[in-house]
Amino acid sequence: MQAKTNALSQGFIRCDDCGFLVKTGNHSLSCPRCNSHLHARHPHSLQRTSALLFSSFLLYIPANIFPIMTVNQFGAGDPHTIAGGIVELIDSGMIPIGLLVLVASILVPSSKLIGIGLLLLCTHFRWQINARRWTVMYRIIAFVGRWSMLDIFMISILVDLVNFGEVQIIAGPAATAFAAVVILTMFAAENFDPRLLWDNQKNL
C-alpha cells in the first residue's frame, strides 16, 4: 500500500487554534487568520508528557498508601485508603457509592496512566500500529480528562451528602496527592501531540 503524504510533508502547517492551513514557505510563525503561534508539532511534547506522567505515577503511590477518607459510623471509625474506603462503603450498605468511588478513584485514573504511558511508548519506539485506533484511544483519554475533576470533588460531595446521616466521611491526607494525580494526568494528555502517532507509521 502506498504511503499517504501529510500536510507537513506538502509544506503546510495546521493552526492548532483555528485549523487554518498555512504554507510553511511564508516564513511566518503566526497564523494569518487568528494570529496564534504556529508549530508543526507541539514543542517538546514527549518530554513534557513524560515528565508529567512520571510525576503522576509517583504521586499515585501515596494517593493509594495513605488514608484518603475516614468513615465514622455511630461515632467510631478508622482511616481508610482508597481500596479500604471502597470496602467500608460497601460493607456499610452504600454499594452504589462504593462502586462510584471504585470507578472514579481507581479504574479511571489507572486507565489514564496506562493509556498515556502506552501512547508515549508507541511514539518513542515507533511502533507500527493502527494509528486510527490509537488516536481514538487518545481522544477517549482526553475526553475523560475533562471530567476528571469529578474525582476530586466526589469526596467533598460525599462528605456533604453522607454527613446528614449516621455515617460521617472525613477526607484524608491522600486526597491532596490524588488531586495532584488527576491534574497532572490532565496536563499530560493535553501536552501529548497525537499527530506523532501518524508520523511514525510507514504505511497508512
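Each value in this text was obtained by applying a stated rule to the coordinates, not by laboratory testing. Quick caveat, the model's predicted, so the values are computed rather than measured. Using ideal geometry, Cβ is built from the backbone for each residue, glycine included, and neighbour counts are taken over all protein chains shown.
Averaged over residues, the count of other Cβ atoms within 10 Å places the peptides 187-198, 92-103, 113-124, 8-19 in the sequence 187-198, 113-124, 92-103, 8-19, highest first. Database remark: amide H of Ser36 closer than 5 angstrom to the amide H of Cys31 (H placed geometrically; neighbours at sequence offset of 5 or more, or on other chains; Pro and chain starts carry no H). Using the Cβ of Leu52 as centre and a radius below 14 Å, the other residues enclosed give a net charge of 0, where K and R count +1 and D and E count -1.
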